[in-house]
1. Determine the alpha carbon to alpha carbon distance for each of Lys22/Lys193; Lys22/Lys124; Lys46/Lys124 and list only those over 31 Å.
2. Over 20 Å between Cα atoms: which of Lys79/Lys208; Lys2/Lys88; Lys2/Lys87 fall into that group?
3. Compute the longest continuous run of the chain that contains no exposed GluC sites (Glu not before Pro); treat a site as exposed when its DSSP state is not H, G, I, E or B and it has at most 12 other Cβ atoms within 10 Å.
4. Excluding same-chain residues fewer than 8 positions from Lys103, which aspartates and glutamates have a Cα within less than 20 Å of its Cα?
5. Could you line up Ser196, Ser93 from fewest to most neighbouring Cβ atoms inside 10 Å?
6. Between the range 99-123 and the range 182-208, what's the alpha-carbon centroid distance in Å?
7. Using +1 at the C-beta of Lys and Arg and -1 at the C-beta of Asp and Glu, which of Phe30, Leu83, Leu94 has the Cα lying farthest in the positive direction of the dipole of the chain?
8. Report Rg(Cα)/(2.2 N^0.38 Å) for the range 1-93, keeping two decimals.
Amino acid sequence: MKKLIIIGARGFGRELYSHAQKSIGYNIDFTIKGFLDDNSQILDDKCDYPPILGNVEDYIPEIDDVFIVALGDSFYRKKYVNLILNKKGNFISLIHETAYIGKNVEFGTGIVICPYTIITNDIKIGNHVQLNLFTTIGHDCVIGDFFTTAPSVNISGNCTFNECIYFGTNSAARQGVTICDNVTIGMGGVVIKNISESGVYIGNPLYKLEK
């Protein structure tokens, strides 16, 4: 039986631990082995969690280990995914039992789909994507690697999103928009037209924050 290791023991990692107990891992049976985190004491004041096994840099994967990354920041998620891949580690996907998955949905690896997410029809979702609570993805979307949503994000149909995009809580995208790499949409932000320049965007109507 595979042994699941969750990378990150902070808030989302602890939520993901609970989700993993009721998740579908593409028919992979597993037990939960523990967490990897830079802070070995982060769970000292918490009860009933598996142990911190070390940090990602030093941990050597064993033959029956599988991994999932519980980090909302796309930059660090990508960094740790590459570290584990360089060590020949393997990832699984976790799909909560309450999620709705429609027809003709293609998934990459390392996917996290949280409770009450809705993914409709004819959608492609890349690697190491995280869809948080109550996210909705409309028909015919193409979602790139390391895409992330906070809770209650609504993506309309026919959208195309590149790599490392983050949508904050209660943000939304109009049907048919395209977004380039490395874009953050702030809480409540509404995307109504294409975004072709990386950066942080907030508001309704949306505007880019200048450094």
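Every number in this text was worked out from the coordinates using simple rules, so none of it is lab data. Predicted model only: the values in this text are computed from it and were never measured. Methodologically, a virtual Cβ is constructed for each residue, glycine included, from the backbone with ideal geometry; neighbour enumeration extends over all protein chains shown.
1. Table pairs above 31 Å Cα-Cα are Lys22/Lys193; Lys46/Lys124.
2. Lys79/Lys208
3. Longest run free of exposed loop sites: 98-196.
4. Of all the aspartates and glutamates, those that pass the test against Lys103 - Cα under 20 Å, at least 8 places apart if same chain - are Asp122, Asp140.
5. If I rank by nearby Cβ atoms, fewest first, I get Ser196, Ser93.
6. 24 Å
7. Ranked along the dipole, the leading option is Leu94.
8. In units of the globular-protein estimate, the range 1-93 measures up at 0.99.
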